[in-house]
Amino acid sequence: MFKKIIYTVLWVLGMVIVFFGLLLTWIHQDIRKGREAAKEESNPIVYPLKQSDFELYTNWDTFYPRFAKDIEEAKDYVYIHFFSIGSGKASDRYFDLLKRKAREGVDVYYSVDRAGSFKGNRKGFKELEKAGVHVTYSNEPHFPHIWYTIQHRNHRRIAVIDGKVAYTGGMNIAQKYSKPSWHDYQLRMTGEGIQDFEKQFCHDWKHNTGESPPLHHIAKETGATTHYLKTYSSGYEVVDDLIEAFDAAKKDIIIATPYFIPDNERFMKSLKEAKKRGVEITIMWPKHSDGLLLTQAAYPFVKEALKNGMKVYQYEKGVFHGKLVMIDRKYPIIGTVNIDSRSFRLNDEMTLFMDESPFTDVLLKQVDQDLDDSSKITLEYFEKLSTKDKILMKIAKYVHYYL
């Protein structure tokens, strides 16, 4: 009897293992095939050179009051796409503001990513619609590549208010972003570049719904920073553009990122070749991440960077969530792109490529401050890793594609 129970348990366990093995194989193949299919429909967009002015915000207490004030002052329209929306006081306050503006007669269009808003306030979305806010979700899952489309996310951040001001960067709307420990790079833009943000918002909305919000004729006010916007579909061309920037570097490259998981041989090869040319390479990523296994998933790539003479710093003062690459301390590349598998392979992203301007000095000052708030990592760091971290690093090695 006892043997029969043992055999039954082993048989059930074996079936469970086979089931999950087949499930994981299906998921992996579905995502691979889905990405191949997405390549045919990939449509990265490069907008023309523009001139705008920028302000940098690094925390909720400075960003949100300015953002809310701009929405409060809107007379005609508010277009917003954020990757994610959470529940809690921060989201409730934001929802109340959008509902109030819609009731005042302002055209409010609000888009969120389906997966990114999974933990959001569903009741809040329905209340928005009742108040007259137009609401849609980006990238609905669908067949034939259901698992790929679940993973495929619109990671962009776009806010356009009356054609007078626009926002992008790392911030979303959720309680965690309002914590003092959250540190980000969020941009407020005025100037002629706003029209490209609006065009992209309308392009994405039409892709999701089949209809576009009104596209306004925005006054072409110029600013001090020459730049262009590029938007990416399913991560295509993100790595190509970063490699092109690395290859052009003459003095130094600074990479500030929440996640350093560049699972791309060409990306790492380009950095190594730049180092061999004498280019100084500095990488900053946070000690405390906002996601499971993301810190441990970075370890193999950090070790590879250190072994090839690159400098690596770990931000200590909270969760760092900014996304910036700086070439030769002159040319910022800033937007929503993370240095990870999702941004490289799965997400819809956006990035501003800037020429040298007074705003470059603002970014450099902030990066230098953030590096001062970081600890320098050496190879000895990995000799002191706990057993737990070593185990998690091995697990992360096999799943970081999906993190």
Return the ratio Rg/(2.2 N^0.38 Å) for the chain, where Rg is computed over Cα atoms only.
1.04
Additional length obtainable on full extension of the chain from Glu129 to Ser375, 0.36 nm per residue less Cα span
83.9 nm
Full extension from Thr222 to Asp96: what is 0.36 nm times the residue separation minus their Cα-Cα distance, to one decimal in nm?
42.0 nm
Radius 14 Å from Cβ of Lys50, net charge of other residues (Lys, Arg +1; Asp, Glu -1):
-3
Percent carbon-and-sulfur accessible area, the range 361-400, ignoring ligands, DNA and RNA, probe 1.4 Å
55 percent
Out of all DSSP beta bridges with both ends in the chain, state the antiparallel percent to the nearest 5.
60 percent
When the Cα atoms of the range 286-385 are enclosed in a convex hull and the volume is divided per residue, what value in Å³ results?
115 Å³
With a 1.4 angstrom probe the carbon and sulfur portion of accessible area for the range 100-239, in percent, totals 51 percent
CD proxy, 222 nm, the chain: helix-only mean residue ellipticity via -39,500 (n - 2.57) per DSSP H run with n ≥ 4, per residue, nearest 500, stands at -13500 deg cm²/dmol
Using a Gaussian network model of the chain whose springs link C-alpha atoms within less than 10 Å, name the residue from Gly318, Gly335, Gly163 with the highest mean-square fluctuation.
Gly318
Whole angstrom only: what separates the Cα centroid of the range 218-276 from the Cα centroid of the range 34-55?
13 Å
Listed residue pairs exceeding 24 Å between alpha carbons, taken from Lys199/Lys220; Lys269/Lys388; Lys311/Lys384; Lys50/Lys176; Lys164/Lys199; Lys307/Lys376:
Lys269/Lys388; Lys50/Lys176
Out of the GluC sites (Glu not before Pro) in the range 269-320, which ones are loop residues according to DSSP with at most 15 other C-beta atoms within 10 Å?
Glu316
Taking protein heavy atoms only, a 1.4 Å probe, and rounding to whole percent, the accessible area of the range 1-59 owed to carbon and sulfur comes out at 70 percent
In whole Å, what is the distance between the alpha-carbon centres of the range 59-113 and the range 187-204?
16 Å
Neighbours of Ser212 by Cβ distance under 13 Å: Lys/Arg at +1, Asp/Glu at -1, summed charge -2
Using the heavy atoms of the protein chains alone and a 1.4 angstrom probe, what is the accessible area of the chain per residue in square angstrom?
47 Å²
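The values are calculated or read from the model by the stated rules, or taken from the named source; none is laboratory data. Because the structure is predicted, anything quoted here is derived from the model rather than measured. Virtual Cβ from ideal backbone geometry, glycine too; neighbours counted across all protein chains shown. Surface accessibility is based on the protein's heavy atoms, side chains included, excluding ligands, DNA and RNA. Shrake-Rupley method; radii C 1.70, N 1.55, O 1.52, S 1.80 Å.
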